[in-house]
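The values are calculated or read from the model by the stated rules, or taken from the named source; none is laboratory data. All values reported here derive from a predicted model rather than from experimental measurement. Note that we place each Cβ from the backbone using ideal geometry, even for glycine, and neighbour counts take in every protein chain shown. Ligands, DNA and RNA are excluded from the accessible area calculation, which covers all protein heavy atoms including side chains. Shrake-Rupley method; radii C 1.70, N 1.55, O 1.52, S 1.80 Å.
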Amino acid sequence: MATNDQALDAILSGHNVEILGGAGRGKSTLINSLSNFFSGCMLKVGPTGSSALNVGGQTLHRTFGLALEPFIEGVTLKRNLKKERAAILKSPEIQMLVIDEVGACRVDRVTELDWTLRKYRDKDKPFGGLQVIMTGDYLQLAPVVTDSDRKVMRPHYNSPYAFDSQAYKDGNFKTVVLTQNFRQSDSEQQKILDYLRLGENKQLVVEYLNDVCYNTNKALNNPVVLAPTNKTVDEHNQYHLTNISGKSKIFKAVVKGDFKEEPSPKIVELKVGCRVLTTINDEEERYVNGSSGTVLCINRNSVTVELDNGMTIDFEPKTSYNYELFVDMSGKVREKIVGSYTQTPLRLGAAISIHRSQGMTLDQVDLQLGHYPLFGSSMLYVAVSRCRDLNSLNINRRLTVKDIVVDQYVVDHVKKYM
């Protein structure tokens, strides 16, 4: 059983390290530990704005000036980076690169950042000689590849996944698979979720989930509706809000400078009695991203919420910052704030999409699936694994083995390290 301590040991040994693990394995906690260890000498990036925000870093595109089109070495034309951005990559102070949510990081993006680092650092070493730490799970949501991009990439890459890049192979990564589950405590449920993630024993998984989660008449108390499409989610949330009497209050985010992401929705309409979800982790550990609650009182500058864990919390506006690195006159790498986003850290919580739920821990879930099998690899795993306890999960229709969709090519890669 690999632990966070073993992962840290591998990193401290100087290897390039790939840290994989299913939902609730403590990958975010590990990155926070790394940030404390290596403050001032690491670049933290993610393939999406939300993943970058999650690690307090920047997107791959912003950091490395990545092209909008697929990157094919020797074909794609690359402009020089702006002087300030190039100075960061050249700085001898930067010794480590952390890439979060590597499962969603496209193969050509890894190839391009390797090419860029070789250009600005050491052309003869993978990733320009930086130590690279990749964290994530290839068996959750996959990289986004459009049909037109796929046509361009297919002759040059075996798959859209990071591990099929030549840079990954040259980097000689040491892979650590985190196995301790911090989200679900029941050993039988953990086994079922592991089978589901790997696409194993499908009939057993389906029978278990149908027995425990379908048509059970559980008396769940205000479960969060999880649905595959934004349309279904929006309809649920609007119906929920409309059917609560009383006036609503609208909270609008204040955005300053350069800040493209939305840690919380730009506009949140709330009423006393409506269901909400938190959008941040609490430093005092009273709640996590995805904790459910009911609005008790709407104040002038805060919202009082009774969380389902029994705690009553006043939620005031929370400011998130967009930082940019720069090299000062003495050659030191510093951070400067280039944008901010201030909003009450809540969203309507009657329903949420499966995609948006990734990274959340939910207490009670009503999974509303359409009549047809789920689309996209690992969608059922992402949805089911949000819940702390499968006894607190309702599924609105009987599952079939066709709902369990995995990419066997990716499963085979991950299994090599288990």
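Some observations on this one:
- Every listed requirement among (1) in contact with a strand residue (DSSP E or B) (Cβ under 8 Å, 6 or more places away or on another chain); (2) surrounded by 14 or more Cβ atoms within 10 Å (Cβ to Cβ); (3) at pLDDT 90 or above is met by Leu362 save one, (3).
- Residue within the range 253-263 that is surrounded by fewer than 17 Cβ atoms within 10 Å (Cβ to Cβ), closer than 11 Å to Arg347 by Cα, at pLDDT 90 or above and under 26 Å from the mean Cα position of the chain (by Cα) present: no
- When Asn54 is tested against (1) surrounded by fewer than 23 Cβ atoms within 10 Å (Cβ to Cβ); (2) over 22 Å from the mean Cα position of the chain (by Cα), just one condition goes unmet, and that condition is (2).
- All positions within the range 296-316 that are open to solvent by less than 70 Å² (accessible area, probe 1.4 Å) and without any contact (Cβ under 8 Å) to a residue 40 or more places away in the chain: Cys297, Asn299, Thr304, Leu307, Gly310, Ile313, Phe315
- Matching residues in the range 203-217 - criterion: being hydroxyl-bearing (Ser, Thr, Tyr) and either at pLDDT below 85 or open to solvent by 80 Å² or more (accessible area, probe 1.4 Å) (or both): Thr216
- Once the range 116-133 is narrowed to residues that are among the charged types (D, E, K, R) and assigned to a loop (DSSP other than H, G, I, E, B), the residue that is most open to solvent (accessible area, probe 1.4 Å) is Lys123.
- In the range 326-335, residue farthest from Cys41 (Cα to Cα) [restricted to those that are open to solvent by 90 Å² or more (accessible area, probe 1.4 Å) and part of a strand (DSSP E or B)]: Glu335
- In the range 16-37, the residue that is farthest from the chain's Cα centre (by Cα) out of those that are closer than 26 Å to Lys90 by Cβ and buried (at least 17 other Cβ atoms within 10 Å of the Cβ) is Asn16.
- Residue within the range 218-234 that is farther than 30 Å from Thr304 by Cβ and touching a residue at least 40 places away in the same chain (Cβ under 8 Å) present: yes
- Filter pass, Tyr341 being crowded, with 20+ Cβ neighbours inside 10 Å and aromatic (Phe, Trp, Tyr): yes
- The listed residues are Leu220, Leu241, Leu193, and the only one of them that is at negative phi and open to solvent by 20 Å² or more (accessible area, probe 1.4 Å) turns out to be Leu220.
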